[in-house]
Amino acid sequence: MSDPQIGRRALLRGAGGLAALAALPSLAACGTGTSRSASTGTGGKGGKTVVVRDSGGSYGAALQKAIYTPFTQETGIGVKVLNLDDAPLLAQIKQGRPQCDLINNSMMSHLKYVKQGALETLDPGRLKSLKSAKVPENQITEHAIGHSFYGQCIAYRTDAFDGRKPESWADFWDTKAFKGGRAMVSPDGDLPELEFALLADGVPMDKLYPLDVDRAFKVLTRLRGDIKKFWDSGPLPGVLLSRQEVTMSTVWDGRIADLQKQGVPVARQLNGMRRQFSGYAIAKGAANVDGAYQLMDFALRAESQAALAKAFPSNPSSPVAYAKLTEDERNALAGAPKYYDEGFDADIDWWLKNESAVTKRWLEWARG
């Protein structure tokens, strides 16, 4: 999966979230921050163009191949890509001059935007693909539609445990039976992994929320001495496993296939996987609302979601999309029907209320 706002989560939390960032007009004044833009071409017939914000990189290249280029070929509408951080984009929207029309971001970030009045209220009637793709009801909100998810799970070296395979988070915590160092995420990489600690301690997956924070930190403390590294970017778990600095790490599930292609003896365990969805939303005051709806509708099609999954290890929100993949393609994805019940959805409402306090406590805990 694409690196979801890596390296910037700590800034968002430390500044009190997007509300605080909105008070930094200098970010909008400079206009770009780390933004870069690239057009698909001349802008389509009649110069019509829709501007979409996404995170770029290999994920952006896959979106270009699977979504943007076919969309332009079908509609004649050009797509311009903008890689812009949350802070300047939110400031632009507040000033009534958003540079983009459609925003591709995490559903959690979209909720933060909603609290700032920064997204248009969606008209589901303009998105015909919602029904045909059977997008789950819990991924259809007033302001954003979930199109895919990334899963956080266990990655482990297959040559480390004499043929044994870790089956659960309890095994991740069991450094006697499964020897070797561990790696877990830092707040610069993703949400603290409290859920995994609770699962390791016997909390049922459907009873996780609201999270028992005190209990989670007690369980984390049991493992603290064996955690060799807190990772803050998607590739780092793979580096640590490749160098045999650790025998197990938490990881974004899409990274495992890359490691296996490189010949690294690793596998994933999806039991207890935490899912976080990404989705589309329309910026408040967008210049091309019609184009944004058209591109969103195209991207949500089951065929489009399947095409993206073939180009990148993206897990479609549409259950219909999986039927359009081969068995091998389907089962390589953490979202495949055979795996889905092994994981759970992160409760983003809970995290929005508690993210800042948990992160502060995590930083104190990590410092020991």
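Under a plain spin-label model, where a point goes 7 Å from the Cα along Cα-to-Cβ, how far apart in nm are K134 and T121?
3.1 nm
Mind checking which of A133, G60, G146 is farthest towards the positive end of the chain's charge dipole, using Cβ charges of +1 (Lys, Arg) and -1 (Asp, Glu) about the Cα centre?
Of the candidates, G60 comes out farthest on the positive side.
Under 25 Å Cα to Cα from K310, which lysines show up? Leave out anything in the same chain fewer than 8 places away.
By straight Cα distance, K310 reaches K65, K80, K128, K131, K134, K261, K324, K338.
Scan around T141 for amide H atoms under 5 Å from its own, H built in the peptide plane at 1.01 Å from N, and keep only partners 5 or more places away or cross-chain.
G146
I want to check the label-to-label distance for K179 and N331. Put each point 7 Å from Cα in the C-beta direction and report it in nm to one decimal.
In this crude label model, K179 to N331 measures out at 3.3 nm.
Using Cα positions and a limit of under 18 Å, work out the lysines in reach of K115, with same-chain residues fewer than 8 apart set aside.
Candidates past the 8-residue exclusion: K94, K284, K353.
Return one whole number: the accessible area per residue of the chain in Å², for a 1.4 Å probe. Present the calculation step by step, with values, prior to reporting the outcome.
Working: 15440 Å² over 368 residues.
Ligands and nucleic acids excluded, the figure is 42 Å² per residue.
When the chain is modelled as a GNM with alpha-carbon springs shorter than 10 Å, which of P204, P192, P88 fluctuates the most?
With Cα springs under 10 Å in the chain, the top fluctuation among P204, P192, P88 is at P204.
Counting DSSP beta bridges with both partners in region 38-173, what percentage is antiparallel, nearest 5?
Values: 4 of 11 bridges.
Approximately 35 percent, going by the DSSP bridge assignments.
Once you have the alpha carbon radius of gyration of region 121-248, what is it after dividing by 2.2 N^0.38 Å, with N set to its residue count?
Numbers: Rg = 18.5 Å, N = 128, 2.2 N^0.38 = 13.9 Å.
Here the answer is 1.33, to two decimals.
With springs connecting C-alpha atoms under 10 Å apart, model the chain as a Gaussian network and identify which of G181, G343, G202 has the largest mean-square fluctuation.
Answer for the Gaussian network model of the chain: G202.
Compute the projected area of the convex hull of the Cα atoms of the chain, averaged over all viewing directions, and report it in nm² to one decimal place. Mind dumping the intermediate values first?
On the way: hull surface 71.0 nm².
For the chain, the mean projected area of the Cα convex hull comes to 17.7 nm².
Using the Cα centre of the chain as the reference point, and only Cβ charges (+1 on K/R, -1 on D/E), how large is the resulting charge dipole? Debye, rounded to the nearest 20. Could you put the intermediate results ahead of the total?
Values: 46 positive and 41 negative charges, 130 e Å.
I would put it at about 620 debye.
Evaluate the relative contact order of the chain (contact order divided by residue number), counting alpha-carbon pairs under 8 angstrom at least 6 apart; express in whole percent. Mind showing how you got there, number by number?
Numbers: 679 pairs, mean separation 92.2, N = 368.
Worked out over the chain, it gives 25 percent.
Output the antiparallel fraction of DSSP beta bridges having both residues in the chain, as a percent to the nearest 5.
Details: 29 of 44 bridges.
Expressed as a percentage, antiparallel bridges in the chain total about 65.
What residue among T141, T72, T326 shows peak mean-square fluctuation when the chain is described by a Gaussian network model with Cα springs under 10 Å?
So, out of T141, T72, T326, the one fluctuating most is T326.
In whole percent, and with a 1.4 Å probe on the protein chains, what portion of the accessible area of the chain is carbon and sulfur?
Taking all protein chains in place, the chain shows 49 percent carbon and sulfur surface.
Would you mind getting me the FRET efficiency between R164 and Q262? Use the beta-carbon distance for r and R0 = 25 Å, nearest 0.05. List each step's numbers first, then the result.
Working: r = 23 Å, r/R0 = 0.94.
FRET efficiency, R164 to Q262: 0.60.
Residue by residue through region 167-175, which ³J(HN,Hα) values in whole Hz follow from phi under the Karplus form 6.51 cos²θ - 1.76 cosθ + 1.60 (θ = phi - 60°), with glycine and proline marked x?
Each residue's phi maps through the Karplus curve to give 10, 7, 5, 4, 5, 4, 7, 8, 7 Hz.
Using Cα pairs closer than 8 Å and at least 6 residues apart in sequence, work out the relative contact order for region 39-150, in percent.
Working: 117 pairs, mean separation 30.2, N = 112.
RCO, region 39-150: 27 percent.
If R0 is 30 Å, what FRET efficiency do you get for Q73 and S356 from their C-beta distance, rounded to 0.05? Show your work: numbers first, answer last.
On the way: r = 45 Å, r/R0 = 1.49.
Computed FRET efficiency for Q73 and S356: 0.10.
Pairs of lysine in region 162-257 with Cα under 17 Å and at least 8 positions apart or on different chains: total?
Values: K165/K176; K165/K179; K176/K228; K179/K228; K179/K229.
Qualifying lysine pairs in region 162-257: 5.
The values are calculated or read from the model by the stated rules, or taken from the named source; none is laboratory data. None of these values were measured; they are calculated from a predicted model. Every residue, glycine as well, gets a Cβ built from its backbone with ideal geometry; the counts of neighbours run over all protein chains shown. Accessible surface areas use protein heavy atoms only, side chains included; no ligands, DNA or RNA. Shrake-Rupley method; radii C 1.70, N 1.55, O 1.52, S 1.80 Å.
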